[in-house]
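Everything below concerns the one structure shown next.
The values are calculated or read from the model by the stated rules, or taken from the named source; none is laboratory data. None of these values were measured; they are calculated from a predicted model. Here the Cβ positions follow ideal geometry from the backbone for every residue, glycine too, while neighbour counts run over all protein chains shown. Ligands, DNA and RNA are excluded from the accessible area calculation, which covers all protein heavy atoms including side chains. Shrake-Rupley method; radii C 1.70, N 1.55, O 1.52, S 1.80 Å.
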Amino acid sequence: MNVDHVGKTFTLDGGKELKAIDDVDIKIGQGEFVALLGPSGCGKSTILRLVAALEDVSTGRVTVEGSNPTALSRAHRLGVAFQDHALLPWLTIRDNIALPYKVAGRPVDDKRIAELLALVGLSGFEKARPRQLSGGMRQRVSIARALVLKPDVLLLDEPFGALDAVTRRHMNVELQRIWSEQRITTLLVTHSVEEALFLADRVIVMSGRPGRIIKEIQVPFARPRSPDVQRTMEFHHLADELTLALEPEGHH
Ligand SMILES: Nc1ncnc2c1ncn2[C@@H]1O[C@H](COP(=O)(O)OP(=O)(O)O)[C@@H](O)[C@H]1O
Ligand SMILES: [Mg+2]
């Protein structure tokens, strides 16, 4: 995935222009997991929306696995789990996960759905409705749905933002396990420094408006990672470094 010197300016009602991001350069290798951190409003979701072909760049270029985002999206090679991409409450869990097949006009592969339900630890919940599941379980359904068409690229926008701390830590361990089995090129937006460090190969920090990249670190921890890694000195040291980079200028 290649976000090449990308800028995005929105024209607001009344004609005023808002430069959301400026000269953002992100290259993600095949099978790499990158986490994106930054203050609210710095353009993280905008970057994901550009990669998902939900917006067009103002300047620069986005290519994903050699194609433009629109081509990739039309080929259903992008898996997306955004906070606002809710499950459909009237559909069963199985039908929610099957939805991308319907959207793509492809036959539903129930073997694949069963595999994914097992992968996210929800075998046996095929016939349940979303409201019968906990928040963490619903998030796992969203992730299963994002993976069902075997995408080349996975985009996750604060997928665990609404969860309590305990469920969130549990979900981080689950996501790491799921990702380790598939190694899909992943871009994760998160507010949590710990989540970024635990999950990613590389962490990118952005500054506030217009959003720019201000820091990038390679995460040194070997995989598979156990939650114990979060108690090491090195983890704390890196977490401090990232937290400091996230503080508004003038407060260092
Ligand atoms: N469709 C849009 N029209 C106008 N402004 C937008 C639109 N989408 C995002 N923005 C603005 O762009 C900036 C970045 O937004 P966003 O990417 O959602 O930030 P983040 O996800 O980092 O919180 C914000 O100031 C937001 O108000
Ligand atoms: Mg956002």
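Need pairs with beta-carbon distance below 6 Å; first residue of a type in the set (A, V, I, L, M) and within the range 214-234, second part of a loop (DSSP other than H, G, I, E, B); sequence gap 6+ or separate chains.
Close Cβ pairs (under 6 Å, with a partner that is part of a loop (DSSP other than H, G, I, E, B)) amount to Val219/Ala200; Val219/Asp201; Val229/Phe221.
Counting only residues that are open to solvent by 50 Å² or more (accessible area, probe 1.4 Å), give me the strands (runs of 3 or more DSSP E) lying completely in the range 1-96 with at least 2 of them.
By residue number, 2-11, 17-27, 59-63.
Does Val141 qualify as being open to solvent by less than 30 Å² (accessible area, probe 1.4 Å), outside the structural domain of Lys27 (by TED's automatic domain parsing) and more than 27 Å from Phe10 (Cα to Cα)?
Judged against the criteria, Val141 is a match.
If you go through the range 97-110 one residue at a time, do you hit one that is under 19 Å from Ile178 (Cα atoms) and in contact (Cβ under 8 Å) with a residue 60 or more places away in the chain?
no
State whether one or more residues within the range 212-219 are open to solvent by less than 10 Å² (accessible area, probe 1.4 Å), among the β-branched types (Val, Ile, Thr) and more than 21 Å from Leu117 (Cα to Cα).
Initial filter on the range 212-219 (open to solvent by less than 10 Å² (accessible area, probe 1.4 Å)): none.
The answer is no, given that none of the residues of the range 212-219 is open to solvent by less than 10 Å² (accessible area, probe 1.4 Å), among the β-branched types (Val, Ile, Thr) and more than 21 Å from Leu117 (Cα to Cα).
For the range 218-236, which positions are more than 13 Å from Leu199 (Cα to Cα) and not in a helix (DSSP H, G or I)?
Scanning the range 218-236 gives a single hit, Thr232.
Could you tell me which residue of the range 149-184 is farthest from ligand 2 (Cβ to nearest atom), considering only residues that are assigned to a loop (DSSP other than H, G, I, E, B), surrounded by fewer than 22 Cβ atoms within 10 Å (Cβ to Cβ) and among the hydrophobic types (A, V, I, L, M, F, W, C)?
Leu149
Collect the residues in the range 12-46 that are within 12 Å of ligand 2 (Cβ to nearest atom) and closer than 21 Å to Ala75 by Cβ, keeping them in residue-number order.
Matches in the range 12-46: none.
Listed residues Gly66, Gly135, Gly79, Gly121; which is in contact (Cβ under 8 Å) with a residue 60 or more places away in the chain, small (Gly, Ala, Ser) and more than 16 Å from ligand 2 (Cβ to nearest atom)? Step through it out loud before you land on a result.
Values: Gly66 fails: in contact (Cβ under 8 Å) with a residue 60 or more places away in the chain; Gly135 fails: in contact (Cβ under 8 Å) with a residue 60 or more places away in the chain; Gly121 fails: in contact (Cβ under 8 Å) with a residue 60 or more places away in the chain.
Sole residue among the options that is in contact (Cβ under 8 Å) with a residue 60 or more places away in the chain, small (Gly, Ala, Ser) and more than 16 Å from ligand 2 (Cβ to nearest atom): Gly79.
Just need a number here: residues in the range 17-59 that are within 13 Å of ligand 1 (Cβ to nearest atom) and touching a Gly at 6+ places or on another chain (Cβ under 6 Å).
Summing the residues that are within 13 Å of ligand 1 (Cβ to nearest atom) and touching a Gly at 6+ places or on another chain (Cβ under 6 Å) in the range 17-59 gives 8.
Could you list, in sequence order, the residues of the range 185-211 that are assigned to a strand (DSSP E or B), more than 16 Å from ligand 2 (Cβ to nearest atom) and open to solvent by less than 10 Å² (accessible area, probe 1.4 Å)?
Across the range 185-211, the qualifying residues are Thr185, Thr186, Val203.
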